[in-house]
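For reference, the structure discussed in these notes is given below.
The values are calculated or read from the model by the stated rules, or taken from the named source; none is laboratory data. It should be emphasised that the depicted structure is a prediction, and the values quoted were computed from it without experimental measurement. All Cβ positions, glycine included, derive from the backbone under ideal geometry; neighbour counts span all protein chains shown. These accessible areas exclude ligands, DNA and RNA; they are computed on the full protein's heavy atoms, side chains included. Shrake-Rupley method; radii C 1.70, N 1.55, O 1.52, S 1.80 Å.
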Amino acid sequence: MLFFTALAFALPLQDTAPAKVEAQPWFKESAASSGLDFTYNSGAGTGFHFPEVMGGGIALVDFNGDGLLDIYLIQGGELVPSENDVETTGNKMFRNFPAGTFENVTETAGVGDMGYGMGVACGDYDRDGDIDMYVTNVGPNVFYENNGDGSFADRTKALKVGDPRWGTSTAFLDIDGDRDLDIFAVNNLGWSAATEVECFNYYGEPDYCSPNNYNAPCPDVLYKQGRMGFQDYSAISGSSLAFGNGLGVAIGDYDGDHDPDIYVANDATPNVLWSNDGKGKFKDLGLLKGCSVNGNGTPEAGMGVQFVDIDMDGDLDLFMTHIRRETNTFYVNSRGRYKDRTTMTGTASTSLRFTGFGMGFHDFDLDGSLDLYVVNGAVQAWKENERFLAEDGYAEPNHLFRGKGGPKFEEVPMGGLAQEAIATSRGAAFGDLDNDGDIDIVIANRDSSVSLLINEAPRKGSWIGFQPKGGKGNVVPGARVEVRFEGQTLYRVADPAYSYLSSNDPRVHFGLGVDAEGNPVAKVEDVRVVWNGGREESYGPMEAGQYYDLMRGRGTVVEKE
């Protein structure tokens, strides 16, 4: 949140406002009708305590193994209890039922952590076939181990992963190819109520500070799994050498050397690209590779981030959201080096007026091209006569952009809804909640009800989806999946940890569009997975319209040329 240098940066050249496509709803707001009853309480009172403006996160997780994504919502609370009288309720787990309804099962699941919550990651750390969760807080983080019976056990102390700092986004990954999941947790700044200072917004009114006002950037933490639990591996791996105001994280093999690299979106400090040597040692190559600052050489207010092949050339590009008066930024990957090509997208001028947080690229209308959804919400209040919502000076509308092929997009009016939703949105999680083959969205809104956007976009083609798995069925983060059909190849990375503070559907989803005759694509000719370590397997032709498990070792090995 780079509040006080906003006027110093130069706007990208040659950007034009994106054309708006027809106003046909793509999503239906369904939280209330489905029983998803939750409000994120920031605890904001008479003061402006910095963490209050940043939460909270969401996990889409099939915690009970019934094939349906459940919803875990992270709660805030009170940072300074004496200032107001906010009811603290803790995090909540909602079980998904086939009828499209949700039931609060927090008590039986045992996951109602009462810390001041931020983010969450999901993964099968013990390879027993069910999904565990790691929750970040302003204060000690919490590890929930899945018991396999619909309940969890708090294993934080036993596993030694209760980092006491201000954690934000987090991810499970296998840093060294031993098939054990390790944990990377992003930390923001070294904050306490005693460090607060008085700050003012664009209009000279008291408001939340910039992170630079605290001058307390923090290193992130990397936990490596071993026989006795987890070890703080930050110093050994080299990942403690960079300090920043961390908010977003993305996992992917940016340089094609078959190990997972880590990208951290920092707030008002240079972003970090942790390049993995394959043995769990990291170097920050962000500046060298061109993705640490924007094309003008300026650090930006990085929030949400995703590794994604936007231009469909087989390598992973980067897209991230930023504060008002900065653009959301697109870095194109060219042989492992990045260039700021934000103006190519057609989204830059739209994003200048808003503050983006959670985001995700998916083919929402199944036409074969990636679309983009960005949730917005200010971090310093709009002036009263300029507000989008009279009672909430931080509320802003969200944005949906339809993909036109490659890196070009155009805005869909009303954020894809029949009636535009305006809130102070933060975390956003993406996944197929009703298993109908298209991607739905759950959005956490500050001091307002959660949003559940069920996809009802007119379908323009078919789809196919996959879970790359190993061992007893644990999802393998970082694996690259490609599908070949109709003379083209599409690529996706298995990374549930993109967006902001959230854990997304672990399945890899492809919209396939139509064939040469204009009919929905009926099948793909080949499906390939490049696993961590470089093993490539082919799984042959598959029918469209289904989800498949891709088990490591059960495909046909593709020999390297």
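Remarks
- Residue in segment 360-367 that is open to solvent by 20 Å² or more (accessible area, probe 1.4 Å), touching a Phe, Trp or Tyr at 6+ places or on another chain (Cβ under 9 Å), of a type outside the set (A, V, I, L, M, F, W, C) and closer than 25 Å to THR269 by Cα present: no
- Test result for SER237, open to solvent by less than 10 Å² (accessible area, probe 1.4 Å), farther than 25 Å from GLY427 by Cα and touching a Phe, Trp or Tyr at 6+ places or on another chain (Cβ under 7 Å): yes
- The requirement of being acidic (Asp, Glu), over 25 Å from ASP232 (Cβ atoms) and surrounded by fewer than 18 Cβ atoms within 10 Å (Cβ to Cβ) is fulfilled nowhere in segment 171-189; no residue meets it.
- Segment 53-81, residues that are outside any strand (DSSP E or B) and touching a Gly at 6+ places or on another chain (Cβ under 6 Å): GLY55, GLY56, GLY57, ASN64, LEU69, ILE74, GLN75, GLY76, GLY77, GLU78, LEU79
- In this entry, ASN504 is excluded by the filter for residues that are surrounded by 17 or more Cβ atoms within 10 Å (Cβ to Cβ), of a type in the set (S, T, N, Q) and within 23 Å of ASP257 (Cα to Cα).
- Looking across segment 546-561, the residues that are open to solvent by 40 Å² or more (accessible area, probe 1.4 Å) and assigned to a loop (DSSP other than H, G, I, E, B) come down to GLN546, ARG552, GLY553, ARG554, GLU559, LYS560, GLU561.
- Restricting segment 149-163 to residues that are closer than 13 Å to PHE63 by Cα and in contact (Cβ under 8 Å) with a residue 60 or more places away in the chain, the residue that is farthest from the chain's Cα centre (by Cα): GLY150
The rows are residues; the columns are (1) closer than 24 Å to GLY302 by Cα; (2) buried (at least 19 other Cβ atoms within 10 Å of the Cβ).
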site	(1), (2)
TYR203	yes, no
TYR208	yes, yes
PRO217	yes, yes
TYR223	yes, yes
GLN231	no, no
ASN245	yes, yes
TYR263	yes, yes
ALA268	yes, yes
VAL272	yes, yes
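- Residues of segment 212-247 satisfying the condition of being aromatic (Phe, Trp, Tyr) and either without any contact (Cβ under 8 Å) to a residue 60 or more places away in the chain or over 16 Å from GLY167 (Cα atoms) (or both): TYR214, PHE230, TYR233, PHE243
- For VAL111, the criteria (1) in contact with a helix residue (DSSP H, G or I) (Cβ under 9 Å, 6 or more places away or on another chain); (2) at pLDDT 95 or above; (3) in a loop (DSSP other than H, G, I, E, B) hold in every case but one, which is (1).
- Within segment 325-350, the set of residues being farther than 23 Å from LYS289 by Cα and either open to solvent by less than 10 Å² (accessible area, probe 1.4 Å) or among the aliphatic types (A, V, I, L, M) (or both) comprises THR347 only.
- In segment 298-312, the qualifying residues are those that are touching a Phe, Trp or Tyr at 6+ places or on another chain (Cβ under 9 Å) and assigned to a loop (DSSP other than H, G, I, E, B), and the one that is nearest to ALA268 (Cα to Cα) is GLU300.
- Restricting PHE200, PHE243, PHE282 to residues that are more than 24 Å from the chain's Cα centre (by Cα) and not charged (D, E, K, R) narrows the list to PHE200.
- Inside segment 85-143, residues that are in contact with a Phe, Trp or Tyr (Cβ under 6 Å, 6 or more places away or on another chain), among the β-branched types (Val, Ile, Thr) and either free of Cβ contacts under 8 Å to residues at least 12 places away in the same chain or open to solvent by less than 10 Å² (accessible area, probe 1.4 Å) (or both) make up a count of 1.
- Any hit, segment 275-289, residues being modelled with pLDDT of 95 or more, crowded, with 24+ Cβ neighbours inside 10 Å, touching a strand residue (DSSP E or B) at 6+ places or on another chain (Cβ under 9 Å) and assigned to a loop (DSSP other than H, G, I, E, B): no
- With respect to the stated conditions, PRO413 is in contact with a strand residue (DSSP E or B) (Cβ under 9 Å, 6 or more places away or on another chain), on the phi < 0 side of the Ramachandran plot and open to solvent by 10 Å² or more (accessible area, probe 1.4 Å).
Here's the yes/no breakdown for (1) free of Cβ contacts under 8 Å to residues at least 40 places away in the same chain; (2) out of contact with any Gly (no Cβ under 7 Å at 6 or more places or on another chain); (3) not in a strand (DSSP E or B):
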site: PRO496; (1), (2), (3): no, yes, yes
site: HIS509; (1), (2), (3): no, no, no
site: GLY513; (1), (2), (3): no, no, no
site: GLU517; (1), (2), (3): yes, yes, yes
site: ASN532; (1), (2), (3): no, no, yes
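- ALA494 satisfies every condition listed in (1) closer than 26 Å to GLY405 by Cβ; (2) at pLDDT 95 or above except (2).
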